Each structure stands twice: as structure tokens, then as C-alpha cells.
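Everything below concerns the one structure shown next.
The values are calculated or read from the model by the stated rules, or taken from the named source; none is laboratory data. In this text the structure is predicted, and so the values were computed from the model without any measurement. When we count neighbours, we look across all protein chains shown, and the Cβ atoms used for this are built from the backbone with ideal geometry, even at glycine. These area figures cover heavy atoms from the full protein model, side chains too; ligands, DNA and RNA do not enter into them. Shrake-Rupley method; radii C 1.70, N 1.55, O 1.52, S 1.80 Å.
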Amino acid sequence: MIYIEHMNNIDRRNFLKTAAIGAASLTLGSATVKAADKPLSDDRIGILVDTTACVGCRHCEWACRTAHGLPAGELESYSDNSVFKEYRRPGNEALTVVNEFENEKNPLLPVFVKSQCMHCEKPACVSACIVGALTKNEDGSVTWNDDKCIGCRYCMVACQFQIPTYEWQKSIDPHIMKCDLCSERRSNGKLPACIEICPNEALLFGKRSDVLKAAKNKIKRKPDTYINHIYGEHEVGGTTWMYIAGKKFDKLKMPPLGTATAPGISEAIQHGIFAYFVPPVTLFALLGTMMWVTKWKKTNGSDEPKGKLPDVNDEKEK
Amino acid sequence: MKPLPVKKNFFSLGVIVLAVLAVNGLAFLSIRFYSGLGAVTNLDNQTPWGLWIGVDVAAGVALAAGGFTSAALAHVFHRESYHAIVRPALLTAMLGYTFVAFAVCIDIGRFYYIWHPLIMWNGNSALFEVGICVMIYMTVLYIEFLPIVTERFIGKVNFPGALAAFNKPVDALLKLLDRGLSKTMFVFIIAGVVLSTLHQSSLGTLMVIAGQKMHPLWQTPVLPLLFLLSAIAVGFPMIIFESLIASKSFRLKPEMKILSNLGSMTVPLLGIYLAFKLGDMFIRETFIYAAKFDYTAWMFLSEIGLLLLAFLMLLSRKTSGSPAMLFTAASLIIAGVLLNRFNNFITAYKPFYDTVTYYPSIGEISVTIGCIALLVLIYRFIVIYFPVISHEKK
């Protein structure tokens, strides 16, 4: 299903590119088309965050900073609980953060929720990026390409989870910063840093289909502990990171989102306006005809030379 | 009457004020290039786009719409009597788009990569569509302007000293260019109109992908249509506005016959936009948000109120006859569309995690005002040295 949909998109996109190049340089056929995104693998990654198992040690924050070369400080300093007083968002110096929420069932054991890029199945940022600097990889991760990005920050406007962040203090080479699922570590056969360090099995890493099954089992086995909702299973068409919790997700500051994919309407409009370049070309032909007809009407009632092409310098000759 | 350079001194009191504003803007701009966007703007990770995108880019593109609406009127529909307004409108569009490109260049973090969209394509991206269309349209506008340059210099090429030997060949080249341009110009004129309809609407598609982050009063799948219709509606008022200011500033007789006709033509164009805008509100039943009468609701109501007021003004015959009334109506429409773009990109953007409410900083406002001042100065310079404004020879 995903594969079929994907092929349609590729065809349409390729056509768009070919047609655009053709129109620009009048050399149809010499189009160089960017290698199309690969279809998502059935073995793509899934990660489950069990918010009832997280103890808020914030070791994942430290590991993430260390793995991405960001100023991390001492691991011991992360046991300071005062940071929980204010709600924090992932930023350009912390790609993941943990926040504390009240637990009505047991006030002594607050709920902790880790936030980072969700790695959407159909990411808005990838659809939005003007130069295609963001890629949805076969393995499910969404990664950013330093060599392409122009720093327009449209990905930040598009993302429903407000994840991509920007290095505002830099005038040269500012980066878009977000979780990349530790693509460098994984290429060396290692797990993402946060998952490796998590001491409490709050993070479950595996194939998305397996992880989803595990999540459903957990909810089935402990219906008193969990609410029957896997956040990320269907939200914006599904995400790589998924959450289970003991209370409603809007109480954990997770945006209430529908199941429609984020770029759905936008892409439909975009491809509607440009459907195989038919509308623009039709408009061009229509206006050309109109121009010719009105000119013909004018010349057949005046002494202007006939058959002359209309031009902006008309007024000069008079 | 034909287009002639305006006989007038470039310098005046107003010019000095504008120059000061421009220098002030450029000073803040230098900080942006030295210390990054964070040093000058109030933008943050929750509000990635602000005044520069909402006003300099989005409103700038809308207010430059006079270029394509007048080209369509005078050249596609061959209403010869409107030729007098084509050149000023073309100049505004050309300068307007140049400043839009400039604003994009200062707003994007990696300004030195601004050429990337030319070779790195993403057909799914509305921004890619806008970017490419604006680049091509800007080129088209410069080509459309070339005949004005050749007209200025043909027969008047006069290099000093030893270079005088080049006078004849350069003149011949200009004539050749002029002939080639007048034979092919119709292609560029139509292309200009097509490109404008495309990117004016795609500018509306831009915010659709923001989904729930955009306030329901503005977030609608018909945004592209609303953007296109409002751009068409603001085209003629913008020409009226400039033409009346220019005739006041240069002490020329205003072209009231043409301008009042443009005013009457604005009535149906504005009416269509308002019908769609209000229709969209009723179909999606978003009036419940407007009836809250909070800050957001007032911003929405004022944008519609300004346009409705202008619409009612233009319905009366008195308005199109009097320069002052016509100027007021045109200004209201311009303000309404400007506010609409500001609202779409800034007021309506209410993300889920909104830690700090965004207000444009002094630096952002200074740069925006500086850019407008610089644009007006260049406009004045060009109409003094090139045959743009039609008037009687004194």
C-alpha cells in the first residue's frame, strides 16, 4: 500500500521535474532527476516510550548531547531536579529533553515524558523543505542534509511537533538541529545513545511492527496502568517514536493531532495547481488567444498595420 | 502624452528623511550579517518566521501585483488607454520583487546558498514553487523593463573621450535588442501573468502545511485562492496609490480619468475576494472565533473591515471622481491586504508550544522600514532618469 502510493508520488514528481527543466531550457529529455526517495522498509525502526517506566534521570539528555558533540557537562549534574520546574522543549543545544508531570494516581511518582523528533512516517518537514534537505530514510529515520539546507526554517513552520530548531546565534553555517536517531552511531552498529543509556527499560527499540505489538500487549496486560491509546500509532499518519501512558496525552503536553498526514492537503493543492503542468500551460494558451483576439479586433477597426505581433512598445509608435 | 523622464531634482526634504531611514535599516542589517538572526530579530524556535517573511516577502509580493494586473489589462485585453499606467506599475513590480528577493536573502540563515533551489528541487514543497516562480518572474520583469532602457539611450549614446568610437556600435546593438524585444515581448507578458497567478496562490499554500498551528480563522484549504483573489484586488488600488503620490510629489496633473476607471474596476475584483473570504468563514463556521472579540478576532475583523469600508466607498460615484476620496479608498485596500498577509503569517501562527509571544523587534521593524525607504528612493531615481511616467512635456 505504502509502496504503491509512493510510486505514484515519484512518477508525478519526476514528471514535474522533467517538465520544468524542459520548459526552462527547451532540452526535453536531458533532465537529471534526483534519486527518488526509497520506499519505507517493512523492517523500519520503531521506538516505544513507556512513560510509566521513566524515572526522570535525564541520562538520555546527557548521552544525546555527548553523542552529538553538544556541551553536555557532568552526568552527575543531571540529577538536579530543579530543571523540572519549567516546561522545556528540545532546542538547538538539547535534541531531547525530559519533562515532569503530575501523577494523580500516585503523587509521589510523577510522570516523566521524553521529547525529541518523532520521525513521522509522512513527515511535514520533508514535504516542506524547499531544497529537499530533509530525507525520510528507508529505515524510518528523518535526517537533515548540511550540504543542501538554505536555512529558510520552513521545516520549523511545517512540523506539527515543533521539533526542528535553528542556531539563531550563528551568522555563518547555522544548522537545523533535531534528533537524527543517531545515524552515525547506528552506521557503526551501535544503538541510539538515549536507548543505550536508559537504565529503566523506558525505551524499547526495534522493528516498528514488533514495537507496536509489544505496546499493545503492555496495554492489554495492564489495563489499569495504561490508557488505551498508543500516541504515534496513527497520529499524523503514524510516527517512529510512540508513547504509552497512564493518563491522557493532552495532559502530558502532547499535541492532540488527527490521523491525517501533515503534508496531505498541502501536497494535494500543490499537485492540483501543477497537475502535469496542464493548468499553467492552458492559462498561457488562453491568455495568448485572448491577446491575439483583442489585438485583431483593434486592428480591424483602425489603421494600424495588420498581423503585427502585440508588444509593449505599442504606445511608442503612436 | 507619452512616458518621459520627470524633470525634477532628485534631492528634497523627503529624500533626506528616507535616506536616514534606509541607513538606519542597513545598520541593523549589518548586525544580522555579523551576529546572526538571533541578534536582531525576536524569532525563536517556536516562532521561526516573523515580520520579514510576513510583510517584506508576503505583503511585498501582494502589493507588487499591480504589475501583472495592469499588464493583463493593457496588453492581453488591449485596453490601449491604460498604457500610461503600465510603466509605473511595471517599475513598482520590478522593484517590489527585487526587494522581496532581498528580504528572502536576509531572512534565510544561509544566504550564500540562495541559489540552491535552482538545482536542488522538491516538487512537493509550496515554498519551492514560490521560490522558482519568483525567480523566473523577476527575470521576466527585468526583460519587460529593458525597452524603457533602450528607449532612453537609443540615439543618445554618448561615451566620453576615446570611448566615443563605441557610440555607433552600442547604438546599433541597442536598436537590435529593441527590435528583438518588441517582436518577442508578448511571450514575456503572458508568462508574467501566468507566473504571477501561480506564485501569488502558492504563497497561500505555504501556511496550509502548518495545519493546527494556524488559527482556524485563517487556516483553510482555499488559502491559495484567497491569496490570488486578494492580490488581484489590490493591484489597481496600488497603482492608484502610487500614481496619486507621484503626481503630488512631482507636481503633475493626476490621470484621474484612468485612475477612476481603475477604481471602478476594483469594485467587482474586491467584491469577489470578499465574497470568498466571508463565504469561507460561514462555510467553516469560524465566525464563532471572530465573535470572541479578543486580540486575534479584532485583527481578523479589522482586515475585513478595512476592505469592506473601501468597497462601500468605491460603490459611490463621488469616490472615483475625487482624488482625495480615491486615494483614501485605495489606501484602505492596501492596508487591508497588508494586514491580511501580516495576520496569515504572524497573528494566525499559534503553535501548540508557544513559550514566548512574538512581537517584531526594533531591529526587524527598522530593516523593514529601511527597505521600503530604499525602494522609494530607487523608484524616484528611475522615474527622474528614465521614461516611465506619462505626462505632458513642460
**Item:** Modelled FRET efficiency - R0 51 Å, B:V20 with A:H229, Cβ distances, 0.05 increments
**Value:** 0.30
**Message:** Between 0 and 90 degrees, rounded to the nearest ten: what's the tilt of helix B:256-283 against the longest Cα principal axis of chain B?
**Reply:** 20 degrees
**Message:** On C-alpha positions alone, give me the angle between the axis of helix B:83-107 and the longest principal axis of chain B, in degrees, nearest 10.
**Reply:** 60 degrees
**Item:** Spin-label zone in segment A:184-222 - amide nitrogen under 18 Å from a point set 7 Å from the Cα of A:L70 along the C-beta vector
**Value:** A:184-186, A:192-198
**Fill in**
With all protein chains present and a 1.4 Å probe, the order of B:F186, B:F236 from largest accessible area down is B:F186, B:F236
**Message:** If you take the accessible area of A alone plus B alone and subtract the pair, what total do you get in square angstrom, rounded to 100, with a 1.4 Å probe?
**Reply:** 6900 Å²
**Message:** If I model a spin label at B:F33 and B:T328 as a point 7 Å from the Cα along the Cα→Cβ vector, what separation in nanometres do I get?
**Reply:** 4.4 nm
**Asked** Taking a probe of 1.4 angstrom, what is the accessible area of A:S183 in Å², to the nearest 10?
**Response** 50 Å²
**Extension gain, A:S209 back to A:D43 (0.36 nm per residue minus Cα-Cα distance, nm)** = 59.0 nm
**Request:** Tally up the carbon and sulfur contribution to the accessible surface of the protein assembly as shown as a whole percent, 1.4 Å probe, everything protein left in place.
**Result:** 66 percent
**Item:** Given A:K170/A:K190; A:K298/B:K183; A:K105/A:K222; A:K105/A:K251; B:K7/B:K156; A:K178/A:K207, the pairs whose alpha carbons are separated by over 20 Å
**Value:** A:K170/A:K190; A:K178/A:K207
**Item:** Per-pair calculated FRET efficiency, R0 = 30 Å: B:T139 and A:N145 via Cβ, rounded to 0.05
**Value:** 0.60
**Asked** Can you give the calculated 222 nm mean residue ellipticity of the protein assembly as shown, where each DSSP H run of n ≥ 4 adds -39,500 (n - 2.57) and the sum is split over every residue, rounded to the nearest 500 deg cm²/dmol?
**Response** -16500 deg cm²/dmol
**Asked** Taking Cα centroids, how far is segment B:207-268 from segment B:342-362 in Å?
**Response** 24 Å
**Item:** Helix B:362-385 vs. chain B, principal-axis angle (Cα, 0 to 90°, nearest 10)
**Value:** 20 degrees
**Request:** Could you order B:R32, B:R251 so the one with the most accessible surface comes first? Probe is 1.4 Å.
**Result:** B:R251, B:R32
**Request:** Classify segment B:174-300 as rounded, prolate or oblate from the Cα gyration tensor: take a ≥ b ≥ c as the square roots of its eigenvalues, call it rounded if a/c is under 1.5, otherwise prolate when a/b beats b/c and oblate if not.
**Result:** oblate
**Complete:** Reported to the nearest 10 Å², A:F277 has, with a 1.4 Å probe, an accessible area equal to 50 Å²
**Shape category assigned to segment A:45-269 from the gyration tensor of Cα positions, a/c cut at 1.5** = oblate
**Message:** How far apart, in nanometres, would the label points at B:T355 and B:K7 be if each is projected 7 angstrom from Cα along the Cα-to-Cβ direction?
**Reply:** 6.4 nm
**Request:** Calculate, for chain B, the solvent-accessible area per residue in square angstrom, rolling a 1.4 angstrom probe over the heavy atoms of the protein chains.
**Result:** 41 Å²
**Complete:** Reported to the nearest 10 Å², B:S30 has, with a 1.4 Å probe, an accessible area equal to 70 Å²
**Asked** Accessible area, 1.4 Å probe, largest first: how do A:M242, B:M299 sort?
**Response** B:M299, A:M242
**Request:** Report the label-to-label distance for A:K298 and B:I369 in nanometres (one decimal), using points 7 Å from each Cα along the Cα→Cβ vector.
**Result:** 4.4 nm
